[in-house]
Amino acid sequence: RYRGLLISPGLEISSTYDDNIFRTPFAAESDLITSFKPALGIQTNWNRHALFFGVEGDFGFYKNHSSENYQDYGVI
């Protein structure tokens, strides 16, 4: 809580092993993907009305195939 706001930060970190990152029937290539998912929500704490604002992201990093890295983000 900060003044009239409720602030909610978040972070999720995960790793995934994919044995066929290009989804090909032959010559499959595997890799380890590390994903970071930060988020921040801000909500008013007023008696009669409320507003909410949020941002979130999903950033993926491939260990051996950096050309497949991705950055997704948005506003809620």
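So, of the residues in the stretch 1-37 that are touching a Ser or Thr at 6+ places or on another chain (Cβ under 9 Å), open to solvent by less than 80 Å² (accessible area, probe 1.4 Å) and assigned to a loop (DSSP other than H, G, I, E, B), which turns out to be modelled with the lowest pLDDT? By that ranking, first place goes to G4.
Given the options A27, A39, name the one that is more than 20 Å from the chain's Cα centre (by Cα) and among the aliphatic types (A, V, I, L, M).
Working: A39 fails: more than 20 Å from the chain's Cα centre (by Cα).
That would be A27, the only listed residue that is more than 20 Å from the chain's Cα centre (by Cα) and among the aliphatic types (A, V, I, L, M).
For the stretch 38-67, the candidate set comprises residues that are part of a loop (DSSP other than H, G, I, E, B) and free of Cβ contacts under 8 Å to residues at least 40 places away in the same chain; within that set, the residue that is most open to solvent (accessible area, probe 1.4 Å) is R48.
The values are calculated or read from the model by the stated rules, or taken from the named source; none is laboratory data. From a predicted model like this one, the values you see are computed outputs, not experimental measurements. Glycine also receives a Cβ, built like all others from the backbone with ideal geometry; neighbour counts cover every protein chain displayed. Side chains included, ligands, DNA and RNA excluded: accessible areas come from the protein's heavy atoms. Shrake-Rupley method; radii C 1.70, N 1.55, O 1.52, S 1.80 Å.
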